[in-house]
Amino acid sequence: MADLIKPEESGVPSTDIESENSTALTTKPDITATGAPCSKSEDLLQISDRGRRRSRESHASHMTIDSQQTEHDDEAHDHQVPPHRPRSRARSTSRSVRPEAIKVPVGERRGMLARFCVFAEVTEPYDYTRRKKWMITFIIACAGAVAPMGSSLILPALKDIEASFGVTQTVVNLSIALYMLSMSIFPLWWSSFSETLGRRNIYLASFVLFVVFNILAAVSTDIAMFIVMRCLSGGAAASVQAVGAGTVADVWEVKERGRAMGIFYLGPLCGPLLSPIIGGALSQSLGWRSTQWFLAIFGAAICLLLLFCLPETLRQRKPLAAIAEAEAVAATVRNEDEKTMNLRPDLTRTTTKQSVQLKTRKYLLILRRAFLDPLRIVLFLRFPAVALCVYYSTVTFASLYILNISVEKIFSAPPYNYSSTIVGLLYLPNSLGYFLSSIFGGRWVDLIMAREARKAGRYGEDGKLLYRPEDRMRENAWIGAILWPAAIMTYGWTAQFGTNTAGPMIANFFFGVGSMLIFAMATTMLTEFLPRKASNGVALNNFCRNIFSCVGTVVASPLIDAIGNGATFTIIGGVALVSGILTIWAMKRFGPRWRVGMDERIEEAMGE
């Protein structure tokens with residue numbers, strides 16, 4: 001971790017950069033999701049130095065610095081660092097007066113085709129105006145809608161695809177299941193690549209691939225080609241799941257991040273809200289292939305939006321080649337034979353051999369860090385706080401996809417016998433619940449965190465509130481943990497007995513409200529438990545929950561056939577209810593103990 005900026009260099013009184021007494025408290029953890037040491041590359045250091053120099057000049061000419069202002073630095077901050085370790089953002093409370101954002105010159109902006117972006121890249125993303133922050137959040141939310149839209153757009157058309165290729169319903173369901181599986185695996189690498197290549201490059205590259213794979217899915221000649229192309233398109237669109245939350249964390253400070261994260265998740269939730277309706281209408285009027293053409297066109301539109309409107313927000317990229325070379329040199333030095341080095345006749349030959357070994361080690365380390373190290377994020381599950389958040393989110397998400405399969409299966413058969421368009425409309429109630437919960441739930445959680453900090457009397461030396469991640473799990477968590485299991489059990493029995501459609505649809509609405517409270521809470525807590533590994537934490541969450549969603553999608557239809565719709569969702573609801581109660585109790589009882597000192601153990605687990 002970088003050394004602290006000296007007070008006389010930053011223009012901040014020394015009293016404002018003292019470390020807090022408690023390592024478990026924070027006012028604004030910087031979850032930029034780089035998860036890596038700061039870059040040593042020359043161009044990035046120049047940008048960083050220029051930003052700090054201009055920032056000091058701007059402060060001197062436009063504003064008075066008082067004792068409540070904090071140091072301005074691009075380094076990552078971790079609220080879990082013990083007091084004996086130096087911290088680069090020791091005081092990170094919200095500024096009473098925000099300095100003007102310092103734009104990066106056009107020629108020095110990072111990212112693919114960055115000169116075409118309307119929004120300028122700045123040296124400190126926190127300094128964007130609120131209007132630009134919301135615009136960036138809106139763009140990422142739109143991009144985040146693509147992947148879940150692809151998973152649910154074909155739900156009303158499953159019977160048409162089954163008839164077109166002459167296969168069973170279970171085989172057709174594989175196109176959804178493997179789509180979800182790819183959405184769980186690919187984000188591991190998207191997250192890793194975003195640390196070295198930047199956010200913008202990953203977004204643009206992944207959406208170009210998404211468009212290509214959906215075009216190939218639309219012209220598929222057999223079920224095997226269709227399933228493979230669907231799988232690849234899901235992996236391409238999944239980049240936003242891992243990198244999107246990191247982008248939100250790049251520009252929003254912690255006191256406003258709950259609301260911003262809620263708005264960001266409107267995108268992934270609006271996808272399932274609209275896609276079954278669109279898919280039903282398209283498949284009934286133009287055939288199921290039109291759904292894949294729609295995804296290709298929508299993906300191309302998002303790609304253009306990202307190209308022209310999304311600047312790079314990652315503060316510093318991880319210099320993968322430089323780190324690999326340094327490790328290779330260190331390994332070569334350790335393995336040297338001093339006697340061989342001191343023999344002059346062998347000097348030239350030994351030097352050549354060492355050079356070959358050095359280059360070989362360097363490229364092997366690059367390959368390992370790029371393709372194998374991303375799998376190490378599963379080691380985060382050894383930490384109870386992370387494991388519980390991921391587990392509960394996984395149970396909730398898997399239940400959602402079993403519910404999706406059930407809606408199509410039950411309401412397209414007797415006694416309902418609805419058409420594809422009507423079946424698509426039946427996904428609207430739970431999606432409406434997601435929408436409303438996302439709008440109001442994030443703001444509600446922010447208020448709860450502030451209330452809990454005031455109740456505990458947690459104030460910094462400057463009078464600002466100090467927040468804890470587990471404060472997000474209060475009455476909102478209890479409501480969500482009880483509401484959605486009860487709703488899904490109600491849906492199961494009302495749909496099985498063929499009651500009026502309003503019964504199961506009302507139940508699905510409350511399922512959407514309750515489950516969204518859990519989704520948003522678990523994801524935001526992960527970014528705060530892993531403040532310098534935010535995109536990795538979100539990728540781990542997606543990895544686990546999408547794997548179980550894949551399994552749920554495959555087993556849903558046979559399970560409902562075997563034991564019935566009511567019994568299936570009674571079992572799911574019972575497991576969810578017990579899991580929720582135990583998770584909330586454990587986080588309340590042991591959360592503070594688990595969190596303290598977790599940072600050092602995380603670095604050890606990741607081999608850093």
Simple spin-label estimate for PHE308 and GLU461 in nanometres, 7 Å along Cα-Cβ: 5.0
What FRET efficiency do you get for ILE563 and MET135 if R0 is 60 Å and r is their Cβ-Cβ distance, rounded to the nearest 0.05? 0.75
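Order TYR467, TYR459, TYR128, most accessible first, counting only protein heavy atoms with a 1.4 angstrom probe.
Details: TYR467 30, TYR459 115, TYR128 10 Å².
Solvent-accessible surface, decreasing: TYR459, TYR467, TYR128.
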For a quick check of your reading of the filter: which GluC sites (Glu not before Pro) in region 384-472 sit in a DSSP loop and have no more than 16 other Cβ atoms within 10 Å? GLU461
Tally Lys and Arg at +1 and Asp and Glu at -1 over the other residues with C-beta under 11 Å from the C-beta of GLY441: what net charge comes out? +2
Descending principal axes extents, region 222-279, alpha-carbon based, whole Å: 51, 24, 10
With the Cα gyration tensor of region 106-243 giving a ≥ b ≥ c as the square roots of its eigenvalues, does the rule (a/c under 1.5 for rounded; else a/b larger than b/c for prolate; else oblate) give rounded, prolate or oblate? prolate
Could you pull out which residues in region 268-291 have an amide N less than 16 Å from a spot 7 Å beyond the Cα of SER419, following the Cα-Cβ vector? 277-288
Cα centroid separation, region 115-170 to region 285-301 (Å): 14
Points 7 angstrom from Cα along the Cβ direction at LEU436 and ARG601: gap in nanometres? 4.1
Solvent-accessible ranking of TRP190, TRP585, largest area first, probe 1.4 Å: TRP585, TRP190
Here the FRET efficiency for ILE506 versus LEU447, based on Cβ atoms and R0 = 25 Å and rounded to 0.05, is 0.35
Rg (Å, one decimal) plus Dmax (Å, integer) for the alpha carbons of region 494-549? 16.3, 50
Report the full-extension gain for the segment LEU113 to ARG454: residue separation times 0.36 nm, less the Cα-Cα distance, to one decimal in nm. 118.1 nm
Where the centroid of each part is defined by its Cα atoms, how far is region 391-445 from region 186-204 in Å? 30
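The values are calculated or read from the model by the stated rules, or taken from the named source; none is laboratory data. Everything numeric here is computed off the predicted structure, so don't read it as measured data. No Cβ is skipped: glycine too gets one built from the backbone with ideal geometry, and neighbour counts run over all protein chains shown. To get the accessible areas, we keep the full protein, side chains included, count just its heavy atoms, and leave off ligands, DNA and RNA. Shrake-Rupley method; radii C 1.70, N 1.55, O 1.52, S 1.80 Å.
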